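Working notes for the structure below.
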Protein chains: 2
Amino acid sequence: MTDTHPDDILNLLADIVGTAHVATGAEAARWSEDWTRQAHWTPLAVVRPATTEEVSEVVRLANRAGTPIVPVSGNTGLVEGTRAQGSIMVSLDRMSAIREVRPEARIAIVEAGAILSRIHEAAGAHDLIFPLFFGARGSAMIGGALSTNAGGSNVLRYGSTRHLCLGIEAVLPTGEIVNLMSELHKDNSGYDLRDLLIGAEGTLGIITAAVLKLHPKPRAYATAMVAVPSLDRALVLLNRLQQETGGAVEAFEFMPGVFMDAYLERFPEARAPFDDRHDINILVEVGALAPRDAQPGPDGTVPVAAHLEEVLGQLFEDGAILDAVVAQSDTQRQEMWARREASAEVARLRPNVIDNDICVPVDKMQVFLDRITARASDLDPGLIPLCVAHLGDGNLHFAGWPESQDPEIHKAVKQAVDDAAMDLGGSFSAEHGVGLSKKPAMQRHKNPAAIQAMRAIKQALDPNGIMNPGKVLPDA
Amino acid sequence: MTDTHPDDILNLLADIVGTAHVATGAEAARWSEDWTRQAHWTPLAVVRPATTEEVSEVVRLANRAGTPIVPVSGNTGLVEGTRAQGSIMVSLDRMSAIREVRPEARIAIVEAGAILSRIHEAAGAHDLIFPLFFGARGSAMIGGALSTNAGGSNVLRYGSTRHLCLGIEAVLPTGEIVNLMSELHKDNSGYDLRDLLIGAEGTLGIITAAVLKLHPKPRAYATAMVAVPSLDRALVLLNRLQQETGGAVEAFEFMPGVFMDAYLERFPEARAPFDDRHDINILVEVGALAPRDAQPGPDGTVPVAAHLEEVLGQLFEDGAILDAVVAQSDTQRQEMWARREASAEVARLRPNVIDNDICVPVDKMQVFLDRITARASDLDPGLIPLCVAHLGDGNLHFAGWPESQDPEIHKAVKQAVDDAAMDLGGSFSAEHGVGLSKKPAMQRHKNPAAIQAMRAIKQALDPNGIMNPGKVLPDA
């Protein structure tokens with residue numbers, strides 16, 4: 001490690017990527033805050049390499065100089081994983097190519113800066129899907145999705161980003177390029193570096209390209225809003241639907257009544273899901289893959305939708321559900337999804353939102369909700385909890401609007417959410433990652449031997465500690 | 001690291017696990033060779049701990065003494081991963097409990113020594129499956145399956161062992177116990193140590209317990225033998241079946257005519273799959289999850305089987321397949337599977353079998369086979385290639401019977417198989433792992449930067465190099 005003057009570093013960076021692709025000051029503004037605009041910082045520079053080799057050279061330079069690097073792609077994260085005070089931000093946005101889609105092999109080969117919705121379009125052109133869907137898909141890039149092992153609404157059927165990736169290419173903290181661009185479904189040739197780099201939030205290297213798994217596009221969707229009396233009954237509904245459809249449930253999302261109220265206040269032109277207000281509103285979607293489930297009958301009814309109506313009708317007669325509406329058109333389907341996808345925006349309508357991203361075993365969601373509602377109300381009786389959840393996989397986003405102005409109370413609520421999840425065998429971070437904002441929870445809750453092993457790995461791969469330093473791992 | 005005399009070590013081991021559970025000499029015979037009986041060794045001792053804490057104490061002792069440890073469970077591996085000359089073998093066979101099956105959460109919590117077929121039974125009692133099936137399932141244990149990320153015949157639908165595991169507990173080379181026994185489908189709390197330990201073949205620690213994912217048992221199977229004119233046509237058949245069934249193909253296995261000949265020679269009472277001999281015999285199985293695909297009609301026909309017959313009938317009329325037989329009973333289904341599952345035994349009917357376990361992209365299997373057949377025949381014109389394959393996931397087991405007695409020729413054929421796979425973007429190790437026997441291939445073919453990163457991780461987690469030393473990673 002040598003002592004390099006910052007100005008020298010800027011010149012050397014410009015030599016690698018070209019002057020036009022080194023941004024500082026006002027030019028770096030769009031990379032100087034996160035999506036929530038709650039966190040701000042001043043990077044030393046933002047460099048925008050065009051190739052993996054350029055990324056490698058930038059990393060080698062930083063490693064020699066001992067200058068921290070923070071990788072960034074879409075910058076839509078929620079845990080301050082891209083905070084970069086005084087650091088070189090390496091933006092992957094110029095490496096956005098979708099290099100190849102091979103429909104018969106069901107793969108796409110993409111660069112890290114490819115925007116998620118562009119990958120969706122490229123797959124869609126071949127009647128395939130890349131089933132990683134979440135609100136920020138119009139700006140989120142695959143590099144960040146891989147680095148945080150992003151989840152979203154379809155994990156229930158397709159798994160997280162990790163499960164949608166066959167191979168990666170990455171630049172390690174020493175500048176070495178690891179080529180693990182396998183297209184194979186079976187490849188046991190040494191340690192699983194792919195999955196180690198996926199979800200490491202840029203602290204072990206920079207993912208530059210990936211081989212993604214594509215799935216057949218369902219030939220038809222059946223989408224419904226269902227009101228149920230409790231989350232336990234929602235689980236019965238989910239299991240029943242999985243049984244009846246042979247596991248074809250694509251999404252199973254929970255929106256509480258208090259969220260629907262806030263949504264309708266924000267979007268006065270929007271419709272309520274039911275005539276009556278319900279506390280527990282479920283968005284359920286079933287995807288039909290086989291032709292005979294999707295082929296409209298003589299009366300135009302699509303079998304998968306007719307089947308969903310039939311099952312929901314039976315459940316309604318049995319008193320197992322309170323109400324149900326099946327989408328009769330794609331417009332109605334989009335209307336249902338619009339509610340769910342507004343959740344991040346709605347949560348931030350009031351200041352000081354206390355947000356969490358926890359996971360509990362699916363069968364413990366009701367007890368979790370009961371406990372945390374009681375506990376939050378003890379701490380701040382005026383707090384409004386907006387608990388939107390990917391219910392099918394046990395992932396709940398607790399977004400509380402506090403009445404109290406006391407930051408200590410906010411912190412206590414946040415901790416109480418994590419504690420309640422951990423008590424039930426859950427996790428304090430389901431799909432957003434750890435970044436900076438969940439380091440305290442990592443310290444409190446993660447198995448100490450696991451943290452020690454992670455630190456050893458970090459030290460081994462990043463001896464100079466330059467790669468997104470201070471993120472993920474609690475300070476020693 | 002202190003210098004401990006071997007006798008002292010044996011006494012100390014006996015203090016930890018009890019004298020009855022330390023085997024040496026003749027008592028250690030069953031752990032002193034591998035399944036193929038081609039590899040033999042003399043361990044210092046075999047210790048059989050009863051708890052994770054005992055495993056931890058044994059590892060701490062070995063780490064202090066600098067004595068190598070080789071973990072072993074069912075010992076059914078094929079790459080000499082348990083060769084243990086002078087080492088302490090830690091057998092997990094006494095830690096065989098299936099601690100819990102939670103059908104509503106679709107998980108099983110098991111210890112590393114649980115035999116695969118016992119896990120199958122435990123899941124089956126709840127109409128669930130643990131879909132990891134291969135020939136050795138009656139003696140293979142889950143610890144070894146996890147450590148090698150075992151594959152088998154159902155990877156096409158359910159993934160490898162890695163994809164069937166939600167959480168693990170493991171003892172690291174320093175004796176620390178890492179508890180990662182998560183039941184969650186979303187858990188992004190730090191580096192993915194689970195997947196790093198899975199597939200590390202016991203070189204980074206000893207997996208002691210796991211949370212396994214269970215799947216609904218298909219309500220009915222439709223199984224058939226199909227003869228096709230080429231492997232490319234087999235892929236067309238697979239894609240057609242996946243489309244028609246909505247991705248319900250459970251297995252798609254290839255047996256060449258020359259394998260069927262050898263099978264029928266070995267089992268003279270067995271039946272040939274077809275009246276005529278064919279070069280390309282495919283075993284295909286479709287699993288019906290939804291009730292309406294499995295409910296027998298008035299004439300007793302199960303829809304999934306009727307549907308498979310119909311599709312195969314069309315393909316036969318179109319000339320796309322040469323022949324097909326759909327199993328009409330479970331006995332007929334078992335008969336079809338018996339052929340496939342005899343492959344390891346059949347391959348070893350002649351001495352000096354040259355076996356490989358490669359993977360290529362599915363759409364490159366025909367060109368791989370053409371190339372390797374030609375190349376092998378150049379090297380040894382009398383060689384008989386028995387290329388049984390998990391065709392649906394691109395995994396081929398080349399098992400050649402050489403005519404040549406020259407070990408150099410055998411080695412050249414082995415290398416030619418790996419080279420041909422690598423040329424096509426494949427892997428020299430699909431599902432068996434690297435162990436000792438594939439280290440030369442690892443050296444030749446694996447990305448050097450990846451090997452360097454693996455070595456750094458090994459050094460970080462196992463500073464004294466005691467954990468299954470000399471396996472997986474090529475010598476520096």
Can you find even one residue in the stretch B:225-233 that is among the basic types (K, R), surrounded by fewer than 21 Cβ atoms within 10 Å (Cβ to Cβ) and closer than 20 Å to B:L349 by Cβ? no
If we scan the stretch A:64-87, do we find a residue that is under 23 Å from A:L196 (Cα atoms), modelled with pLDDT of 95 or more and hydroxyl-bearing (S, T, Y)? yes
Pairs returned, first residue in the stretch A:348-362 that is surrounded by fewer than 19 Cβ atoms within 10 Å (Cβ to Cβ), second residue that is modelled with pLDDT under 90 and of a type in the set (K, R), beta-carbon separation under 6 angstrom, 6 or more apart or interchain, are none
Out of all the residues in the stretch B:440-453, is one or more hydrophobic (A, V, I, L, M, F, W, C), more than 11 Å from chain A (Cβ to nearest Cβ) and farther than 12 Å from A:Y191 by Cα? no
Residue set B:V55, B:V46, B:V79; condition hydrophobic (A, V, I, L, M, F, W, C), assigned to a loop (DSSP other than H, G, I, E, B) and touching a strand residue (DSSP E or B) at 6+ places or on another chain (Cβ under 9 Å); output residue B:V79
Condition met for A:A50 (among the small types (G, A, S), under 16 Å from A:V90 (Cβ atoms), touching a residue at least 40 places away in the same chain (Cβ under 8 Å) and touching a His at 6+ places or on another chain (Cβ under 8 Å)): yes
The stretch A:138-162 - residue that is surrounded by fewer than 21 Cβ atoms within 10 Å (Cβ to Cβ) and touching a helix residue (DSSP H, G or I) at 6+ places or on another chain (Cβ under 7 Å) and, of those, nearest to the other protein chains (Cβ to nearest Cβ): A:R162
Look at B:L92 and say whether it is aliphatic (A, V, I, L, M), over 30 Å from A:L238 (Cα atoms) and away from every other protein chain (no Cβ under 14 Å). yes
Please go through the stretch A:1-46 and pick out each residue that is of a type in the set (S, T, N, Q), out of contact with any Leu (no Cβ under 8 Å at 6 or more places or on another chain) and either surrounded by fewer than 18 Cβ atoms within 10 Å (Cβ to Cβ) or outside the structural domain of A:R83 (by TED's automatic domain parsing) (or both). A:T2, A:N11, A:T19, A:Q38, A:T42
Would you mind telling me which numbered condition in (1) aliphatic (A, V, I, L, M); (2) within 14 Å of chain B (Cβ to nearest Cβ); (3) in a helix (DSSP H, G or I); (4) closer than 30 Å to A:V226 by Cα A:A389 fails? (3)
For the stretch B:33-43, enumerate the residues that are touching a strand residue (DSSP E or B) at 6+ places or on another chain (Cβ under 7 Å) and touching a residue at least 24 places away in the same chain (Cβ under 8 Å). B:A39, B:P43
Breaking point among (1) at pLDDT 95 or above; (2) under 22 Å from the mean Cα position of the chain (by Cα), for B:S153: (1)
Answer yes or no: is there a residue in the stretch B:259-279 that is part of a strand (DSSP E or B) and within 30 Å of B:G382 (Cβ to Cβ). no
Boolean, A:V362 is more than 13 Å from chain B (Cβ to nearest Cβ) and more than 28 Å from A:V70 (Cα to Cα): no
Just one listed residue, out of A:E100, A:E121, is surrounded by fewer than 20 Cβ atoms within 10 Å (Cβ to Cβ), more than 9 Å from chain B (Cβ to nearest Cβ) and more than 29 Å from A:R30 (Cα to Cα), and it is A:E100
Quick test of your reading of the structure: B:A412 fulfils all but one of (1) within 14 Å of chain A (Cβ to nearest Cβ); (2) in contact with a Leu (Cβ under 6 Å, 6 or more places away or on another chain); (3) more than 18 Å from A:L184 (Cβ to Cβ). Name the failing condition by number. (1)
What single numbered condition from (1) closer than 29 Å to A:R64 by Cβ; (2) outside any strand (DSSP E or B); (3) small (G, A, S) fails to hold for A:A170? (2)
Can you list residue pairs whose Cβ atoms sit under 8 Å apart, with the first residue in the stretch B:259-285 being at pLDDT 95 or above and the second being hydroxyl-bearing (S, T, Y)? Count only pairs 6 or more apart in sequence or on different chains. B:F259/B:S343; B:A270/B:Y263; B:I280/B:S230; B:L283/B:T223; B:V284/B:T223; B:E285/B:Y221; B:E285/B:T223
Quick check on my filter: what residues within the stretch B:175-219 are outside any helix (DSSP H, G or I), facing chain A (nearest Cβ under 9 Å), within 28 Å of A:D423 (Cβ to Cβ) and in contact (Cβ under 8 Å) with a residue 60 or more places away in the chain? B:E176, B:I177, B:M181, B:E183, B:G205
Take the residues in the stretch A:220-266 that are of a type in the set (S, T, Y) and within 14 Å of another protein chain (Cβ to nearest Cβ), then tell me which one is farthest from the chain's Cα centre (by Cα). A:T245
Filtered residues of the stretch A:416-439 (kept if hydrophobic (A, V, I, L, M, F, W, C) and under 10 Å from B:S189 (Cα atoms)): A:F428, A:A430, A:V434
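The values are calculated or read from the model by the stated rules, or taken from the named source; none is laboratory data. The model shown is predicted, which means the values in this text are computed figures rather than measured ones. Using ideal geometry, Cβ is built from the backbone for each residue, glycine included, and neighbour counts are taken over all protein chains shown.
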